Amino acid sequence: MEPEQTDAKATPGHAAVAGHYSTGSARERIESALRRAGKDPDRLDAHDLAMMEDFHSSGRFATAALIELAQISAADRVLDAGTGIGGTARAVAHQAGCRVTAVDITPEFCSIAEWLNASVGLADLIDVQEADVTALPFADGSFDVIFSQHVQMNVADKALLYREARRVLRPGGRLALWDVTAGPRQPILFPVPWAERPELSHLVSPPELRGILAAEGLEVQVWNDLTDTSAALMRTVNSGPTAPLGIHLFVPDFAIKGPNLVANLEQGRARLIQAILVAV
Ligand SMILES: C[S@@+](CC[C@H](N)C(=O)[O-])C[C@H]1O[C@@H](n2cnc3c(N)ncnc32)[C@H](O)[C@@H]1O
């Protein structure tokens, strides 16, 4: 069953976030890379998308671990909040066989997500909508599970973000997070994958994040700081050759932003939190 739609308007100021993620050339670059790899861009296997699927720290390892922790069943109604080009939504739909609603504020990413969902044969299970995660166009209690990986660092008003998440979750529903938070040493080094400049980056410390979630009725079930293992993994990946199909195809200057993320983690400027919260 599709979630009941309501009217919602994007929060002013979030256009700058969409501007940060838009290049106008991402689809063309991805299509060219796929053709160079001998693939038909309109008839892909999920595995063809490889390292492009996960625009967050630790890539597919993090997505797979979060899907396992969230214990999704085929009957669950899932929201991927801030889907990007849709890799998490595809992984969830493919693995659990459930319906996924995927929202993002960046129109260019929404249109690529729709193309790739159709190309890998998941268009019937995934509905993509352009929407702001702080003003979701869905009725109360529409979802059993919300996934959100590496999105809240672009959102200044985190109380509003999680109030919306709590509102659209049914009581007892789960919020699955994989997120960047502030470390004890500040400021962070820019540019990073989510921001070229400080105005777009809104990091809070892990205890602050936990406090905001609790205040909005989201109770911690799992809370893991995976900074050190994730930084080590990404350092190893960054030291190897650039994969032909990777997020550098749609993230300008990723060769600088990726290593900067690792440096922020290693220098105590940022921390990575994996969490499952329950709507109480
Ligand atoms: C670093 S990417 C992560 C994408 C995806 N979750 C993943 O892990 O592959 C951050 C995404 O969050 C989206 N985003 C940021 N703020 C948003 C907002 N207020 N509403 C909806 N999407 C937002 C951006 O457009 C971008 O696609």
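Confirm whether ARG29 is exposed (fewer than 13 other Cβ atoms within 10 Å of the Cβ) and farther than 30 Å from ARG170 by Cα. Answer is no for this residue. Assess whether SER73 counts as being on the phi < 0 side of the Ramachandran plot, out of contact with any strand residue (DSSP E or B) (no Cβ under 9 Å at 6 or more places or on another chain) and exposed (fewer than 14 other Cβ atoms within 10 Å of the Cβ). No, not satisfied. Scanning region 1-48 for residues that are assigned to a loop (DSSP other than H, G, I, E, B) and closer than 21 Å to ASP253 by Cα gives SER22, THR23, GLY24, SER25. Of the residues that make up region 115-124, is at least one open to solvent by 20 Å² or more (accessible area, probe 1.4 Å), touching a residue at least 24 places away in the same chain (Cβ under 8 Å) and either closer than 30 Å to THR236 by Cα or basic (Lys, Arg) (or both)? Checked against the condition, which is being open to solvent by 20 Å² or more (accessible area, probe 1.4 Å), touching a residue at least 24 places away in the same chain (Cβ under 8 Å) and either closer than 30 Å to THR236 by Cα or basic (Lys, Arg) (or both), region 115-124 yields at least one hit.
Looking at region 37-55, which of the residues that are surrounded by fewer than 15 Cβ atoms within 10 Å (Cβ to Cβ) and of a type in the set (Gly, Ala, Ser) is nearest to HIS150 (Cα to Cα)? Per the criteria, the residue is ALA37.
For region 253-280, the candidate set comprises residues that are touching a Gly at 6+ places or on another chain (Cβ under 7 Å) and assigned to a strand (DSSP E or B); within that set, the residue that is surrounded by the most Cβ atoms within 10 Å (Cβ to Cβ) is ALA270. Within the set ALA33, ALA64, ALA26, the sole residue that is within 16 Å of the ligand (Cβ to nearest atom) and farther than 29 Å from ARG167 by Cα turns out to be ALA26.
Please determine whether any residue of region 219-233 is in contact with a Phe, Trp or Tyr (Cβ under 9 Å, 6 or more places away or on another chain) and within 30 Å of ARG27 (Cβ to Cβ). The answer is yes; a qualifying residue exists. Report, by residue number, each residue of region 192-234 that is under 19 Å from PHE254 (Cα atoms) and open to solvent by less than 30 Å² (accessible area, probe 1.4 Å). Hits for region 192-234 are VAL192, PRO193, TRP194, ALA195, LEU200, SER201, SER230, ALA231, MET234.
Please enumerate the residues belonging to region 156-170 that are out of contact with any Phe, Trp or Tyr (no Cβ under 8 Å at 6 or more places or on another chain) and surrounded by fewer than 23 Cβ atoms within 10 Å (Cβ to Cβ). Selection gives ALA156, ASP157, LYS158, ALA159, LEU160, ARG163, GLU164, ARG166, ARG167.
For region 156-169, state whether one or more residues are touching a residue at least 40 places away in the same chain (Cβ under 8 Å), closer than 28 Å to SER25 by Cβ and within 13 Å of the ligand (Cβ to nearest atom). Scanning region 156-169 turns up no residue that is touching a residue at least 40 places away in the same chain (Cβ under 8 Å), closer than 28 Å to SER25 by Cβ and within 13 Å of the ligand (Cβ to nearest atom). Here region 67-79 is the region considered, the condition is being of a type outside the set (Gly, Ala, Ser) and outside any helix (DSSP H, G or I), and the residue that is nearest to the ligand (Cβ to nearest atom) is LEU79. Residues considered: GLU4, GLU68. Of these, the only one that is surrounded by fewer than 17 Cβ atoms within 10 Å (Cβ to Cβ) and free of Cβ contacts under 8 Å to residues at least 60 places away in the same chain is GLU68.
The values are calculated or read from the model by the stated rules, or taken from the named source; none is laboratory data. Because the structure is predicted, anything quoted here is derived from the model rather than measured. Note: ideal-geometry Cβ built from the backbone for every residue, glycine included; neighbour counts use all protein chains shown. All accessible areas refer to the heavy atoms of the entire protein, side chains included, with ligands and DNA or RNA removed. Shrake-Rupley method; radii C 1.70, N 1.55, O 1.52, S 1.80 Å.
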